[in-house]
Amino acid sequence: MSSDDVTAGRVPVVVETPQHARLADVLDYLSERALAPGTLVRVPLGRREVAGIVWQGVAKASTDVPLRPIAQYLDCMPPLPNQWLALLEFAAGYYQRGLGELSLAVLPAELRKLDASQLAQRLKRLHKQLRATVESEPTTAPEEPPLNEEQSAALAAITQASADARPAAPMLLHGVTGSGKTEVYLRATKQSLAQSRQVLMLVPEINLTPQLLGRVTARFPAQRVVAMHSALTPAQRLQTWLLAHLGLADIVLGTRLAVFASMPRLGLIVVDEEHDASYKQQEGARYSARDLAVYRAHLERVPVLLGSATPSLETWQHVLSGRYRRLALDRRIGGAALPRVRVFDMSTLPRPEGPPPALAPALLDALRDRLSRGEQSLVFLNRRGYAPVLHCAACGWKSACAHCSAWRVFHKHDRTLRCHHCGFTERVPRACPECGNLDIQPVGRGTERLEEQLGELLPGARMARFDADATRGKGNLERTLAAVHAGEVDVLVGTQMVTKGHDFRRITLVAAVNPDAALFASDFRAPERQFALLMQAAGRAGRDADATTRSEMWIQTWHPQHALFAALRDHDYARFAASQLEDRRSAGLPPFAHLALLRAEARDAAVATAFLRAAAETAAAMDDSRDVMIYPPVPPSMSRVANIERMQMLVESASRSRLQRFLAAWLPRLHEQRAAHKGLARWAVDIDPQAI
Ligand code: ADP
Ligand code: ZN
Ligand code: ZN
């Protein structure tokens, strides 16, 4: 028992209370034992018994209500570490969520259900399993390549940061794909492991975990590596969580939720592809795992390594201002060059009747070239399905979703119309539902149609598709990847999913067939995203040095003069970032301003709007509102989903801390006002929103 223990008697316990009941989620209970903060307990709450966490420093003023005793002490397991508690306090405060709601939500659901004796049994079984596996594990010495100069310099900086007593600046490992970033992660990991520390590695997408997991386990066969992601069963989730929490897992590799893994010996945090929007949780507590990783590293005084070829502008601005340290890997391993970027002007094509062809003839020739040499090509189109909409030329009917402000997408393989927002699915009608016309036509093109068309245009080519539809079934993703790696695929068609992280060695041509939409999107982050996506797609080509001179990336565009493509042609991230930052500065947008988005949803848009208007009026009467600017309510680009209308209102401030102070004062009042707005389905605040 440490000196920090909460003494027996009145003990504050954090429990999960219904959403938005912020103040009520720390309750006092009677304890017969002295307890360390972070101890898991079960306590009575109303008629139920729920999981709770003993906390410290959040005790409420005493009341005369007699305290109820703690029902179960789950102290057969070590308490959650103090720094974990501090991380959760910060996250709940910053993202304006209940402490109990967030803290318990990030624990495995199974853990929240166990009573003391079940947990004790579970732990006993775990230790037994571990003893059984340890003996059978072979440990062959892994091979590691000698680092090049840039990698050595980066590693030296990380070593230095780990040795410093003061918290080190976050580090940006800035290098294009194939520049050896992962190798640096592995070396930094090795150093951390050598000091008996645990390593947390975050990846943006579950699809990328098998690949990195493979590399990590191959490199560290004697260490225990666990993966934490959304596809685990509840039992697996509990198991991996326990291994991390007990300090038995040396490396935790996971998607965004893993940032909350309890790791008592944490020594290093790696955030791969730190710019990726998937790090932002899009419902409930809308936290950014990247930002929390940086905060956690600061709390725990361990180095944090953010890796990217195209850092987020937030991170880049921190580098420019000297808050973050940039470690550059400017060259690809083995001297491979980046592919030559060819920006093809679609307006130069002859324009016969009808829609333009999927691919320019010159691009088709380039694909045939690859085929004849036995090389692979990747054709990238960020839209899945066969066609984004079906259309009746006779009456103008289009395949709208009845429940959303969106078209339903035509999927040819199972002849369905599917809404990608609410899931509403129907068989394709044989005739136009409005006028009976038998000739309804797909308009536009998705990956399914592109694959079909390419198959016709390139007879004999072995095609494969890589998108959320084609990889859905169990094992499909792995099968497609294996086929590409084994050279059984000539042309791979895919959505952005294909551009991320995969180490395809034989691809010498990457083509983006329709990248223009993002140039004119209303979201201010769209160009940043598109640039990152295209750079990443380019990174799939020519990873083998001997093919590098023939490697090309094709961009088919109607806007060849656009600055985004010019920077891409020169692989010049810094120039692109500078121009974007200038735009952001003059427009008063992040990273030069801080945003929060208040969202409201109702069946009737007027109800949502009224709630937001009332919220703005409340703000106007508050002192703190001098520090913020509140914009009028507007519908988001997807204004209706599953028959619910959405409205949103932007709150902006030049100062992050003043925005925080304002929100902390404002939101509790909105909780109180909610009841006055009959018909409001829900409301929420999104701090640092990714899209507006
Ligand atoms: P990134 O993560 O930046 O895409 P990787 O670390 O995956 O780059 O490196 C790309 C390839 O080069 C991998 O196959 C890796 O094993 C290899 N590699 C990395 N560093 C070296 C090195 N110093 N010497 C030889 N090969 C290396
Ligand atoms: Zn019709
Ligand atoms: Zn829908």
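Since every read-out is calculated from the coordinates, none of them should be taken as a lab result. These numbers were taken from a predicted model, which means no experiment stands behind them. Quick reminder, even Gly has a Cβ in these numbers, built from the backbone with ideal geometry, and neighbours come from all protein chains shown.
Assuming R0 = 22 Å, what is the FRET efficiency of residue 328 and residue 164, from their Cβ-Cβ distance, to the nearest 0.05?
After rounding to 0.05, the efficiency reads 0.60.
State the extension gain, in nm to one decimal, for the chain segment bounded by residue 345 and residue 561, taking 0.36 nm per residue of separation less the distance between their alpha-carbons.
Net length gain for the segment: 76.9 nm.
Going by the alpha-carbon gyration tensor, a ≥ b ≥ c the square roots of its eigenvalues, is segment 304-411 rounded (a/c under 1.5) or, if a/c is not under 1.5, prolate (a/b greater than b/c) versus oblate?
Oblate, because a/c is 1.5 or more while a/b does not exceed b/c.
With bins 10 Å wide starting at 0, give me the P(r) of the chain over every alpha carbon pair, in whole percents.
Computed distribution, short to long bins: 3, 13, 22, 25, 21, 12, 4, 1, 0.
Cα-based count: Lys pairs in the chain below 28 Å, eight or more positions apart or different chains?
Close lysine pairs under the 28 Å cut-off: 15.
Kirkwood Rh and Cα-based Rg: tell me the resulting Rg over Rh for segment 370-494, rounded to two decimals.
Taking Rh as the inverse mean 1/r over Cα pairs, Rg/Rh reads 1.05.
Is it possible to state the helix-based mean residue ellipticity at 222 nm for the chain, with each DSSP H run of 4+ residues giving -39500 (n - 2.57), the sum divided by total residues, to the nearest 500 deg cm²/dmol? What is it?
-10000 deg cm²/dmol
Taking only the C-alpha atoms, wrap a convex hull around segment 391-441 and report its volume per residue in Å³ as a whole number.
70 Å³
Rounded if a/c is under 1.5, else prolate if a/b beats b/c, else oblate: with a ≥ b ≥ c from the C-alpha gyration tensor eigenvalues square-rooted, which is segment 72-166?
Note, shape of segment 72-166 comes out oblate.
How high is the relative contact order of the chain, in percent, with contacts defined as C-alpha pairs under 8 Å that are six or more residues apart?
Relative contact order comes out at 11 percent.
Debye calculation, C-alpha points only, no solvent: report log10 I(q)/I(0) for segment 574-692 at q = 0.15, 0.16, 0.21 Å⁻¹, in the same order as the q values.
So the normalised log intensities are -0.68, -0.76, -1.14.
Return the inverse of the average 1/r over all pairs of distinct C-alpha atoms in segment 166-317, which is the Kirkwood hydrodynamic radius, in Å to one decimal.
15.3 Å
Please report, in whole Å³, the volume per residue of the convex hull around the C-alpha atoms of segment 190-241.
Cα convex hull per residue, to the nearest whole number: 86 Å³.
List, in order, the whole-Hz ³J(HN,Hα) value for each residue of segment 635-652 obtained from phi through the Karplus relation with A = 6.51, B = -1.76, C = 1.60 and θ = phi - 60°; use x for Gly and Pro.
For segment 635-652, the Karplus curve yields x, x, 5, 9, 8, 9, 9, 6, 6, 10, 8, 10, 9, 9, 9, 8, 10, 10 Hz.
If you plug each phi of segment 284-295 into the Karplus form 6.51 cos²θ - 1.76 cosθ + 1.60 with θ = phi - 60°, what whole-Hz ³J(HN,Hα) values come out, in order, with x for Gly and Pro?
Coupling constants for segment 284-295: x, 6, 8, 8, 9, 5, 5, 5, 5, 4, 5, 5 Hz.
Given points 7 Å out from each Cα along the Cα-Cβ axis, report the residue 233 to residue 393 separation in nanometres with one decimal.
Roughly 5.4 nm, to one decimal.
So, R0 is 22 Å and r is the distance between the beta-carbons of residue 118 and residue 196; what FRET efficiency does that work out to, to 0.05?
So the FRET efficiency works out to roughly 0.10.
Each residue of segment 93-107 in turn: what ³J(HN,Hα) in whole Hz from Karplus with 6.51, -1.76, 1.60 and θ = phi - 60°, glycine and Pro shown as x?
Per residue, the Karplus-derived 3J(HN,Hα) values read x, 5, 8, 6, 10, x, 4, x, 4, 6, 4, 7, 5, 8, 8 Hz.
What list do you get for 275, 413 if you sort them by fewest beta carbons within 10 Å?
In increasing order of surrounding Cβ atoms, one gets 413, 275.
Work out how much length residue 148 to residue 505 would gain on full extension: take 0.36 nm times their residue separation and subtract the Cα-Cα distance, in nm to one decimal.
Full extension of this stretch gives 126.5 nm more.
To make sure I understand, if each residue's beta carbon is the centre and we count other beta carbons within 10 Å, what order do 528, 49, 582, 452 fall in, fewest to most?
Least crowded to most crowded, the residues run 582, 49, 452, 528.
Given a Förster radius of 30 Å and the C-beta distance between residue 623 and residue 587 as r, what FRET efficiency does 1/(1 + (r/R0)^6) yield to the nearest 0.05?
0.65
What percentages make up the Cα-Cα pair-distance distribution of segment 464-534 when the bins are 10 Å wide from 0?
Final binned percentages: 17, 46, 27, 10, 0.
Taking Cα pairs under 8 Å and at least six residues apart, what relative contact order does segment 263-350 come out at, in percent?
29 percent
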